[in-house]
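Below: one structure, written as structure tokens.
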Amino acid sequence: MARSVCIRNADWVVAWDAKAGRHNYRQNADLVFAGDRITHVGPGYAGPVDEEVSGKGRMVMPGLVNLHTHPSVMPVFKSIREELANPKLYFTALYDGWNLFRPEPEDCVWAARQAYCEALLSGCTTLVDMCFPFPGWLDVMAESGLRIFISALYESQHWHSANGHELTYVPEPDGGKGAFEASVTLTAETRAHRSGRLSAMIAPMAIDTTSIDLIRKGLELARAEKLPFQLHAGEAMAEFLEMTRRTGMTQMQLLAKEKLLGPDVTIGHGIFLDHHSWLHWYTREDVKILADHGCSVAHCPTPFSRYGIKLENFGAYLKAGVNMGIGTDTHPHNMLEEMRTAAILARIAAENTYAVSTTDIFHAATVGGAKALMRDDIGRLAPGAKADIVVVRLDIPDMMPAYDPLRSLIYIAADRAVKDVYVDGRKVVGDGRVLTMNHMEAAEQVSAAQRRILPKVPSRDRHGRGAEEVAPRTLPLAHG
Ligand SMILES: [Zn+2]
């Protein structure tokens, strides 16, 4: 018999109402799980259990689903990339900014550990990990205790800008076939992992870097294996201009014409679609195309907010019928802060408080992400669902008062209130500390990696500039 745990008489439980297709609040309720599955949600559980945990002063909610991240590199850019942008490429640092600071392959496992720790501490239990393969990836995913969808990126050409104002593409010698095959192999190895927590999403890198042929091959594989699929598109102004230059169509119109959309397809970002105010494009079809095909969008507001870019807007996409999920993309991998940013920016973009509700945002960060991953057993607390559970402290000042505990959590306390996190019924965060990995060791290793990278910046920069010139510090360094 699987070991059973009862979180007894929690002040609040965020329970799933399958009939209504939404979360509800329940007060003074029990949550019981046995092994990796939830067996009971509701008051007065009378059955036998192996362990009782008091729910007094606690809210119990489903683990959050982070639909888009790049853990093996992003932590290394911490305190650099927040203000790194190229105004001549519409502010994005994708093409000639972040790669000056890229980590060496052997540092990637440490960056991944640090990102996974941040994610867990913010109540994330499922994470889509989109990276180019690096040594030790599978092992570090397994070690984390998270539920991870490996998304081994592949592409047929990569971004380059020799002059800082023109985006060009450097083709892979084999057209990307080798990268695709490596991705397929790693995907298979990961899915075979005995933990059962690791799965896969098929992920060509981006619409402008992957040939239509290789995007199609990926989608065919995803469909044959019943796996979800994600592609970066609508990520940058320059990408939109490039795709309309190449094809005369927007990215979504091209994907629709090539029959590369469907309910199993998630568009990473989906910001620069035909309606975006920067573009002045003549059509207004793209959001409807996404909705008509049942697609999802992985919305990651933080990195774009740093460039001065916003989705226009979350509420309008939802209203049109697009399934929305939320991802952190970059550091901090803090899902609760990401949810807050998503809500705030949607309201600013729409100039309307009611453009999006906290209900919408919480739905997106749980069942919205689960739907994109084609899973009906995560992102919810219901009998039969996976025991992916977050226990939140209500008895700390940041959470008090809590007329509405999710508002107190998302808009005020965030990760400071996350006490315990369970994935598959296994406790992976206890009393606000990660139990599966050494968070401090990961942070120290990533700091050391960043220190080793800084002297390499001049050799990577086209003007031979040093790190301090490319990314000036907030304050000048005083001497003497
Ligand atoms: Zn991304």
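Odds and ends about this structure:
- Take the conditions (1) part of a helix (DSSP H, G or I); (2) within 16 Å of the ligand (Cβ to nearest atom); (3) farther than 24 Å from residue 229 by Cβ; (4) in contact (Cβ under 8 Å) with a residue 60 or more places away in the chain; residue 309 misses just one of them, which is (1).
- In the range 314-340, of all residues being among the hydroxyl-bearing types (Ser, Thr, Tyr) and within 16 Å of the ligand (Cβ to nearest atom), the one that is farthest from residue 375 (Cα to Cα) corresponds to 330.
- Search result, residues across the range 119-171 that are β-branched (Val, Ile, Thr) and farther than 20 Å from residue 230 by Cα: 140, 168, 170
- The lone exception for residue 49 - which of (1) outside any strand (DSSP E or B); (2) in contact with a Cys (Cβ under 9 Å, 6 or more places away or on another chain); (3) buried (at least 22 other Cβ atoms within 10 Å of the Cβ) it fails: (3)
- Every residue from the range 212-246 that is out of contact with any helix residue (DSSP H, G or I) (no Cβ under 9 Å at 6 or more places or on another chain) and within 24 Å of residue 173 (Cα to Cα): 213, 216, 219, 220, 242, 245
- Single condition residue 30 does not satisfy, out of (1) out of contact with any strand residue (DSSP E or B) (no Cβ under 6 Å at 6 or more places or on another chain); (2) in a strand (DSSP E or B); (3) of a type in the set (Asp, Glu): (1)
- Only one of the numbered conditions (1) more than 25 Å from residue 358 (Cβ to Cβ); (2) within 14 Å of the ligand (Cβ to nearest atom) is violated by residue 304, and that is (1).
- Contact annotation: no residue pair with Cβ atoms under 7 Å, 6 or more positions apart or on different chains, pairs a residue in the range 57-71 that is closer than 14 Å to residue 373 by Cα with a partner that is at pLDDT below 95 and more than 16 Å from the ligand (Cβ to nearest atom).
- Within the range 115-130, none of the residues are assigned by TED's automatic domain parsing to the domain that holds residue 331, over 18 Å from the mean Cα position of the chain (by Cα) and not in a strand (DSSP E or B).
- Qualifying position, being at pLDDT 95 or above, among the aromatic types (Phe, Trp, Tyr) and farther than 26 Å from residue 262 by Cα, among 317, 354: 354
- Residue match in the range 131-142 (condition: crowded, with 17+ Cβ neighbours inside 10 Å and in a strand (DSSP E or B)): yes
- For residue 295: the one exception among (1) in contact with a strand residue (DSSP E or B) (Cβ under 9 Å, 6 or more places away or on another chain); (2) within 15 Å of the ligand (Cβ to nearest atom); (3) more than 30 Å from residue 434 (Cα to Cα): (2)
- Condition check for residue 428: over 23 Å from residue 151 (Cα atoms) and either out of contact with any Gly (no Cβ under 8 Å at 6 or more places or on another chain) or of a type in the set (A, V, I, L, M, F, W, C) (or both): no
- Residues of the range 239-269 classified as of a type in the set (Gly, Ala, Ser) and either within 24 Å of residue 92 (Cβ to Cβ) or within 16 Å of the ligand (Cβ to nearest atom) (or both), total: 2
- Any hit, the range 250-262, residues being crowded, with 24+ Cβ neighbours inside 10 Å, closer than 30 Å to residue 80 by Cβ and touching a Leu at 6+ places or on another chain (Cβ under 9 Å): yes
- Candidates 78, 19, 56 - the one that is on the phi < 0 side of the Ramachandran plot, among the charged types (D, E, K, R) and assigned by TED's automatic domain parsing to the domain that holds residue 121: 78
The values are calculated or read from the model by the stated rules, or taken from the named source; none is laboratory data. Since we're looking at a predicted model, the values are computed, not measured. Heads up, the Cβs are rebuilt from the backbone with ideal geometry, glycines too, and the neighbour counts pull from every protein chain shown.
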